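Note sheet for the following structure.
The values are calculated or read from the model by the stated rules, or taken from the named source; none is laboratory data. Fair warning: this is a prediction, and the values are worked out from it, not measured in the lab. Glycine also receives a Cβ, built like all others from the backbone with ideal geometry; neighbour counts cover every protein chain displayed.
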C-alpha cells in the first residue's frame, strides 16, 4: 500500500540569485520590515571573518566569497553575527570534508550504482533536479563515507546547474521497491544537516514518490529532525511527477510509462 498525501507546493524565493555583481552593489532589501544595506553587511561579515578567522581558505566558497556571504546573510535574515557563525561552520566543513576535491571519478563506485543522479533537464519551474533511487541504497553493504561523498557531489552538481534567477533545486526520492534493507536514518540525518547547515535554502521541494507502508516508521523518525524543512516534503505518485513537474520531453526516464 502506498502513501498518497500531499502538501502544498512551495513557491521559489523572489530574491535574485547571488552573483559577484549583486554583492558588489549597494542593495536595499527588506528584512523583518526594515531596509538593510546588504553591501555594508557583506563587508562587515567579510572583515569579521578576516579578523577572527584568518586561517580560513579564500576564493570561491571561502571567507572572502561575497556571493556566498550574501547568501548566508539572506538565510540568517541579515544578522551579521548569525550569518558569520553559520558561514564559519560551512567553510570549515567544506575544507574538512574535501568538497573541492570531489569529482565524478572520486565517487565513481557509488555513482555506478545509479542510486543518485542529476537529471539532464530542469523541471517546469526551471529548477535543477536531483533524483535518488532509494531501492539501490544498501547501508549494510555500502561504505557510509562513500555514500556521503556521493551525496555532496550530487548536491554540488545540481547547484552548479542553477540558471540565472533560480535559487533552489528539486529533490526527488523514488521509493518504488523500497524495503527495510534500504532504510538508513543515519544517512537521512546527514542529508538533512547538509542542506540545513551548508546549503541553506537551496532545496526548494522534496518529493517522496510512491512511498510504501514500510517507509512510514522511518518518516516518523526523520520528520522531527527536518525541522522547518519538513514543510518542503510532498508525498505523491508517479503520475503527479509526470503531470505537475515535467513535460513529456523533459521527464526523467525512470518516470516514463
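General observations
- Selection over the stretch 120-160 of residues that are in contact (Cβ under 8 Å) with a residue 12 or more places away in the chain, under 21 Å from residue 177 (Cα atoms) and over 15 Å from the mean Cα position of the chain (by Cα) gives a count of 10.
- Meets criteria (touching a residue at least 24 places away in the same chain (Cβ under 8 Å) and either outside the structural domain of residue 154 (by TED's automatic domain parsing) or within 23 Å of residue 36 (Cα to Cα) (or both)) for residue 70: yes
- The stretch 161-189 residues that are in a helix (DSSP H, G or I), paired with ones that are crowded, with 20+ Cβ neighbours inside 10 Å (beta carbon under 7 Å, 6 or more apart): 182/134; 182/137; 187/147
- The single condition from (1) exposed (fewer than 14 other Cβ atoms within 10 Å of the Cβ); (2) modelled with pLDDT under 95; (3) not in a helix (DSSP H, G or I) that residue 21 fails is (3).
- The listed residue being out of contact with any strand residue (DSSP E or B) (no Cβ under 9 Å at 6 or more places or on another chain), surrounded by fewer than 17 Cβ atoms within 10 Å (Cβ to Cβ) and within 24 Å of residue 245 (Cα to Cα), out of 186, 114, 126, 98: 126
- Test: residue in the stretch 110-121 that is assigned to a helix (DSSP H, G or I) and farther than 28 Å from residue 75 by Cβ: yes
- Breaking point among (1) under 30 Å from residue 146 (Cβ atoms); (2) in a helix (DSSP H, G or I); (3) free of Cβ contacts under 8 Å to residues at least 60 places away in the same chain, for residue 81: (1)
- Among the residues of the stretch 201-221, the one identified as closer than 26 Å to residue 77 by Cα and either surrounded by fewer than 16 Cβ atoms within 10 Å (Cβ to Cβ) or at pLDDT below 95 (or both) is 201.
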